[in-house]
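Please read the structure below before turning to the comments.
The values are calculated or read from the model by the stated rules, or taken from the named source; none is laboratory data. Nothing here was measured: the structure is a model prediction, and the numbers come from that model. Neighbour counts run over all protein chains shown; Cβ positions are idealised from the backbone, glycine included. Accessible surface areas use protein heavy atoms only, side chains included; no ligands, DNA or RNA. Shrake-Rupley method; radii C 1.70, N 1.55, O 1.52, S 1.80 Å.
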Amino acid sequence: MNQTQSTHDPKMRKNERGAALITSLLISTLLLVAGGALIQITSMSTANTVDATAETQAYYGAEAGLQAALNALRGNAAHTGSALPTGMTTINFRNAVIASSSNDCPNGVNGDPTAAARLSRWLPYSNTQTAGTRVTVGTSPTVQYDVVVSLPPGDVLPASPLKPGRLLIQATGYGPRSARKQMSMIVARAAFDPTVPAMMTLVGAPAGVPAMSFDSGNSANHVYSGVDHAGLAGTLPAFGTTNVLDNTQATADASRNTTSLPASAIVGLPTYLQSPAAARAFLDQMQAAAIFGAAQSPPTATYLPNGGSGNPTGFTFVKGDYTMGSGSGSGILVVTGELTTNGSTDFNGLCFVLGRGWVNRNGGGGGAFYGATFVADVDWPAQNPALTNFGAPIFNFNGAGNATMQYDSAAIDNALNLLPAPVLGVCEY
């Protein structure tokens, strides 16, 4: 064995001293770096989890703000104890968007100075008369929100006392660790297209073939008027038709009575009457709403699946024929069969005779209808195959006596308020 190559000679291994120490230090350093990275990753993960939880809590705060504002707009929230402005009895889409009525300003002074409408008269802010305060929905941890009500971009506030058709609700939610979330929604005032083209709108068959059956009576004591009984809106045609033949017939027949001008006109229709399919969808929607409302406690609607009679109040849906007796009714009445009214029948609101499209107005009394009426002959439920055209509507006045049918914007507005304001869209940003 060559001694010069032997590693057992201590003198030959002097240059290897400390190698184990260096190796241990290198391995320890790598382990320390890996451990530090793991600790940092764990710490960041924990912080991210905490931040994500705070963001979620802020999101829930913003969502609570939208729900609270919607609840107030639907008339389900009591106002503060401060005196309401003169002429204001409850919330509506107009006073919700105007700061002086939306915010808690007793007698118009010394109240919430916020320039934007924030519903402090209706929502439980920590101080309803101090700007910048919030509504607290949770304290462990603290979750809060505030809201701002405005018109959607491009919309214009109509002249008083008319109400806007839509509102933009913006809610900011606040969570722990300065977390913030913003959400917005657009709410419509009416559950369906609120267009009213005439005191009575009669949807005819294409080109008036077959022609509608129309007999408005023959007496100066029969009054048909498109002049707003409430005095708030402009004059409408007494009768609205959809073709030349029906319009000619209505104009000539209505002239035998006391009828405002224009007695009849060809009018545009609300979206739900622009086709039989749209009318059927509208009836489906209204039937579902009535069934749901009738099942509530207390009920918010009346649903009659097999026809009936009486003096309707609130929201009433009748599947079949309906006879209104002497007395007063109000609200929204939907009849899918034949509607018959007797002498001294009064009604204030919206009346939809869609389905069979037949109205019999009997005399012998002094009944008055204030609001608006829609009549259309459409197959509901749909035939097989479903019809693609409307049939001919029927309106007959039988007998003597006084009778008034007049457009009334206030009665219509009150009727529209019976159904919850629908949400058109929600977004987070």
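As I understand it, the dipole of the chain uses +1 on the Cβ of Lys and Arg and -1 on the Cβ of Asp and Glu, about the Cα centre. Which of GLY208, ASN348, ALA265 lies farthest toward its positive end?
ASN348
Would you mind telling me the antiparallel percentage of the DSSP bridges in the chain, rounded to 5?
Among the beta bridges of the chain, antiparallel pairing accounts for roughly 30 percent.
Can you tell me which of GLY307, GLY355, GLY173 moves the most in a GNM of the chain? Springs connect C-alpha atoms under 10 Å apart.
Sorting by GNM fluctuation, first place goes to GLY307.
GNM on the chain, C-alpha springs below 10 Å: top fluctuator among THR323, THR388, THR29?
Largest GNM mean-square fluctuation: THR29.
Could you work out the mean projected area of the convex hull around the alpha carbons of the chain, in square nanometres to one decimal?
Directional mean of the projected Cα hull area for the chain stands at 38.3 nm².
Between the range 298-339 and the range 264-292, what's the alpha-carbon centroid distance in Å?
Result: 17 Å between the Cα centres.
What is the helix-to-structure angle for 244-254, meaning the angle in degrees between its Cα long axis and the longest Cα principal axis of the chain, kept from 0 to 90 and rounded to the nearest 10?
Result, in degrees: 50.
Starting from the range 145-231, pick out the chymotrypsin sites (Phe, Trp or Tyr not before Pro) whose DSSP state is loop and whose Cβ has at most 15 other Cβ atoms within 10 Å.
Sparse-neighbourhood loop chymotrypsin sites (Phe, Trp or Tyr not before Pro): none present.
Can you give the Rg/Rh ratio of the range 308-360, where Rg is from the C-alpha atoms and Rh is the Kirkwood radius?
Over the Cα atoms of the range 308-360, Rg/Rh equals 0.91.
Which whole-number percent gives the relative contact order of the chain, counting Cα pairs below 8 Å spaced six or more residues apart?
14 percent
For the chain, build the charge dipole from Cβ charges (+1 Lys, Arg; -1 Asp, Glu) around the Cα centre, then report which of THR133, GLY425, GLY320 sits farthest towards its positive end.
The residue sitting farthest along the positive end of the dipole is THR133.
Would you rank ILE394, ILE291 by solvent-accessible area, highest first, keeping every protein chain in place and using a 1.4 Å probe?
Of ILE394, ILE291, the descending order of accessible area is ILE291, ILE394.
Just to verify a number: what accessible area does GLU428 come out at with the full protein assembly present, 1.4 Å probe, Å² rounded to tens?
100 Å²
How far, in nm, would the chain grow between ASN398 and ALA278 when pulled straight, counting 0.36 nm per residue and subtracting the alpha carbon separation?
40.0 nm
Nearest 20 debye, what's the magnitude of the dipole of the chain about its Cα centre given +1 on Lys and Arg Cβ and -1 on Asp and Glu Cβ?
Here the size comes out at about 1540 debye.
Taking springs between alpha-carbon atoms closer than 10 angstrom, which of SER24, SER260, SER216 fluctuates most in the Gaussian network model of the chain?
Taking springs between Cα atoms under 10 Å, the residue moving most is SER24.
For GLU338, which sequence-distant residues (separation of 5 or more, or a different chain) have an amide H within less than 5 Å of its own amide H, given hydrogens modelled in the peptide plane?
Under 5 Å from the amide H of GLU338: ASP321, TYR322.
For the range 308-429, take the alpha-carbon Rg, divide it by the Kirkwood Rh, and send me Rg/Rh.
A ratio of 1.05.
Of all chymotrypsin sites (Phe, Trp or Tyr not before Pro) in the range 359-405, which ones are in loop regions per DSSP and have a Cβ with at most 16 other Cβ atoms within 10 Å?
none
Show the residues, 5+ positions off or on another chain, whose built amide H is closer than 5 Å to the amide H of ILE266.
Distant-sequence amide H within range of ILE266: THR241.
On a 0 to 90 degree scale, rounded to 10, what angle separates helix 276-294 from the longest Cα axis of the chain?
Long axis of 276-294 versus the principal axis of the chain: about 80 degrees.
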